[in-house]
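The values are calculated or read from the model by the stated rules, or taken from the named source; none is laboratory data. Just so you know, these numbers come straight off a predicted model, no measurement behind them. Note that we place each Cβ from the backbone using ideal geometry, even for glycine, and neighbour counts take in every protein chain shown. Calculation scope for accessible area: heavy atoms of the full protein, side chains included, ligands and nucleic acids excluded. Shrake-Rupley method; radii C 1.70, N 1.55, O 1.52, S 1.80 Å.
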Amino acid sequence: EAQVTQNPRYLITVTGKKLTVTCSQNMNHEYMSWYRQDPGLGLRQIYYSMNVEVTDKGDVPEGYKVSRKEKRNFPLILESPSPNQTSLYFCASSPRGGTYEQYFGPGTRLTVT
Amino acid sequence: SQQGEEDPQALSIQEGENATMNCSYKTSINNLQWYRQNSGRGLVHLILIRSNEREKHSGRLRVTLDTSKKSSSLLITASRAADTASYFCATVPSGAGSYQLTFGKGTKLSVIP
């Protein structure tokens, strides 16, 4: 089944404890991206990747890192999480950028205390 | 930067009625996409309409695009309780920015049985 998977689905952590949210797609898509969703703010793009080893900042990249060492995986790294990073995170992929429909993962709900 | 803005923010209708949601944006686009999100879950792609298209249909969905007014509308005909969800438009800028999608804040649709 074609899908985007994210892990973990739920995470509660403390300020400053490094964490990684994994994202994997099995559709051989070139493009992957990360969003955060907050009440009243909609979805905001954090980072995106056009292909392996090619990444760029979205609208809200501060406090996040990404890497794209393989085509199928695009992990989101929070080196030192803070409470303002408490949010619902979505990974998405598409064959090639925004000119195609995006396939979204199920989401990761992160709480930083 | 937030480009697509949906209107209204919330809409409540009876089952069987039609629902219309609007999206306005500010700059030239390559395409505009509509997504549905059931509470707290991943977004599901509905329709993609390109800048040179004026109208697209998919089942009970009809999307229009007016590039001169920089606006789009999503019409759901003969609504069902299962259509209850949040609906988002996402714009993809024309030119070199076609790797970035900008989502609006969404319209929350409630369909009352």
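One table, with the values for the structure above:
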{"quantity": "Set B:Thr102, B:Thr64: member being in contact with a strand residue (DSSP E or B) (Cβ under 8 Å, 6 or more places away or on another chain), touching a residue at least 60 places away in the same chain (Cβ under 8 Å), β-branched (Val, Ile, Thr) and open to solvent by 10 Å² or more (accessible area, probe 1.4 Å)", "calculated": "B:Thr102"}
{"quantity": "Residues within region B:70-92 that are more than 8 Å from every other protein chain (Cβ to nearest Cβ) and part of a strand (DSSP E or B), tallied", "calculated": "11"}
{"quantity": "Tally, over region A:64-99, of residues that are open to solvent by 50 Å² or more (accessible area, probe 1.4 Å) and either without any contact (Cβ under 8 Å) to a residue 60 or more places away in the chain or assigned to a strand (DSSP E or B) (or both)", "calculated": "7"}
{"quantity": "Count of region A:78-113 residues which are within 17 Å of A:Val60 (Cα to Cα) and small (Gly, Ala, Ser)", "calculated": "4"}
{"quantity": "Wholly enclosed strands (runs of 3 or more DSSP E) of region B:10-65 bearing at least 3 residues closer than 30 Å to A:Leu110 by Cβ and within 12 Å of chain A (Cβ to nearest Cβ)", "calculated": "B:29-37, B:43-50"}
{"quantity": "Yes/no for A:Ser24 being without any contact (Cβ under 8 Å) to a residue 60 or more places away in the chain, assigned to a strand (DSSP E or B), open to solvent by less than 40 Å² (accessible area, probe 1.4 Å) and over 28 Å from B:Glu5 (Cα atoms)", "calculated": "yes"}
{"quantity": "Hits in region A:93-111 - residues which are in contact with a Leu (Cβ under 8 Å, 6 or more places away or on another chain) and facing chain B (nearest Cβ under 9 Å)", "calculated": "A:Gly98, A:Tyr100, A:Glu101, A:Gln102, A:Phe104, A:Gly107, A:Arg109"}
{"quantity": "Breaking point among (1) farther than 19 Å from A:Leu88 by Cα; (2) within 14 Å of chain B (Cβ to nearest Cβ); (3) modelled with pLDDT under 95, for A:Glu53", "calculated": "(2)"}
{"quantity": "Filter result (open to solvent by less than 60 Å² (accessible area, probe 1.4 Å) and either under 14 Å from B:Cys89 (Cα atoms) or at pLDDT 95 or above (or both)) within region B:39-50", "calculated": "B:Leu43, B:His45, B:Leu46, B:Ile47, B:Leu48, B:Ile49"}
{"quantity": "Filter result (in contact with a Ser or Thr (Cβ under 6 Å, 6 or more places away or on another chain) and open to solvent by 50 Å² or more (accessible area, probe 1.4 Å)) within region A:100-110", "calculated": "A:Tyr100, A:Tyr103"}
{"quantity": "Filter pass, A:Gly40 being out of contact with any Gly (no Cβ under 8 Å at 6 or more places or on another chain), open to solvent by less than 50 Å² (accessible area, probe 1.4 Å), under 22 Å from B:Val92 (Cα atoms) and within 12 Å of another protein chain (Cβ to nearest Cβ)", "calculated": "no"}
{"quantity": "Filter result (touching a residue at least 12 places away in the same chain (Cβ under 8 Å) and within 23 Å of A:Val112 (Cα to Cα)) within region A:49-63", "calculated": "A:Gly58, A:Asp59, A:Val60, A:Pro61, A:Gly63"}
{"quantity": "Cβ-Cβ under 8 Å pairs, at least 6 apart or on other chains, region B:17-44 side closer than 22 Å to B:His57 by Cβ, far side open to solvent by 40 Å² or more (accessible area, probe 1.4 Å) and of a type in the set (Val, Ile, Thr)", "calculated": "B:Asn18/B:Thr77; B:Ile29/B:Thr67; B:Tyr35/B:Val44; B:Arg36/B:Val44; B:Gln37/B:Val44"}
